[in-house]
Amino acid sequence: MEGHIISERYRLKKYLGGGMSSVYLADDIILDREVVVKLIKSDPYNKEKMMERFQREVQNTIRLNHPNIVTVLDVDDTSEYHVLVTEYINGPNLKVYIDQNKPLPFDKIVELSLMTLRGIEHAHNRGIIHRDIKPQNILIDENGQLEITDFGIAKALSETRLTETNQVMGSVQYISPEQAKGKIADERADIY
């Protein structure tokens, strides 16, 4: 899809990956800046539930405004996709950063941990649990600023339960015991 223009504004440049969605580095041709475009494929058989999930993601991420959380810039719908646009963080994720810089000095570990915890605290204070905190969802820019991304499976505290199909949401390697057992997840799931 590289080269395609989404929402008459975002020119897709490079595929970055994705799980439930496709994530691209893109150029905002109106504001002349790089952004990240997350394309969530519309499911014609499950359109209402996908729309609800997308709307929940948008509502959750819009409520978050913190230096340690990636900023949502725009949302849109096309005939094929739900579109979520965020700021572009020019730097590696925490997993890559650790691999490139190991062993990390103790003071750097504390610094990165505190930035992560500040972002998580901000989300929790707004009733949002990320539910998929892992090194791949934490980005570090060229100035050493850390930002948490991908609130795609975050739910408001009042909605923390399994999906109706009893699928566990999250990455298996990092999932909290409550989530793995299908129990209600609270703030502790993000610290686990």
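Each value in this text was obtained by applying a stated rule to the coordinates, not by laboratory testing. All of these numbers come straight from a predicted model, not from anything done at the bench. As a convention, Cβ positions derive from the backbone with ideal geometry for all residues, glycine included, and neighbour counts pool all protein chains shown.
Annotation for the range 3-110: chymotrypsin sites (Phe, Trp or Tyr not before Pro) lying in DSSP loop with at most 11 further Cβ atoms inside 10 Å of their Cβ are Tyr45.
Given a cut-off of 25 Å, name the pairs among Lys41/Lys181; Lys134/Lys181; Lys108/Lys134 whose C-alpha atoms lie farther apart than that in the structure shown. Checking Cα-Cα distances, Lys41/Lys181 exceed 25 Å. Amide H to amide H distances under 5 Å link Tyr88 with Val36, where only residues 5 or more positions off or on other chains count and H is placed in the peptide plane. Measuring how big the range 45-136 is from its alpha-carbon positions, Rg and Dmax come out at 16.1, 51 Å. Sequence-ordered 3J(HN,Hα) estimates for the range 137-145 from the Karplus curve with 6.51, -1.76 and 1.60 and θ = phi - 60° stand at 9, 10, 10, 10, 7, 5, 9, x, 6 Hz, glycine and proline given as x. Close amide H partners of Ser42, meaning residues 5 or more places away or on another chain with modelled amide H under 5 Å apart, are Tyr81, His82. Placing unit charges on each Cβ (+1 for Lys and Arg, -1 for Asp and Glu) gives the range 1-114 a dipole about its Cα centre, and among Ile98, Gln55, Leu25 the Cα reaching farthest toward its positive end belongs to Ile98. Each residue of the range 1-101 gets 117 Å³ once the volume of the Cα convex hull is shared out per residue.
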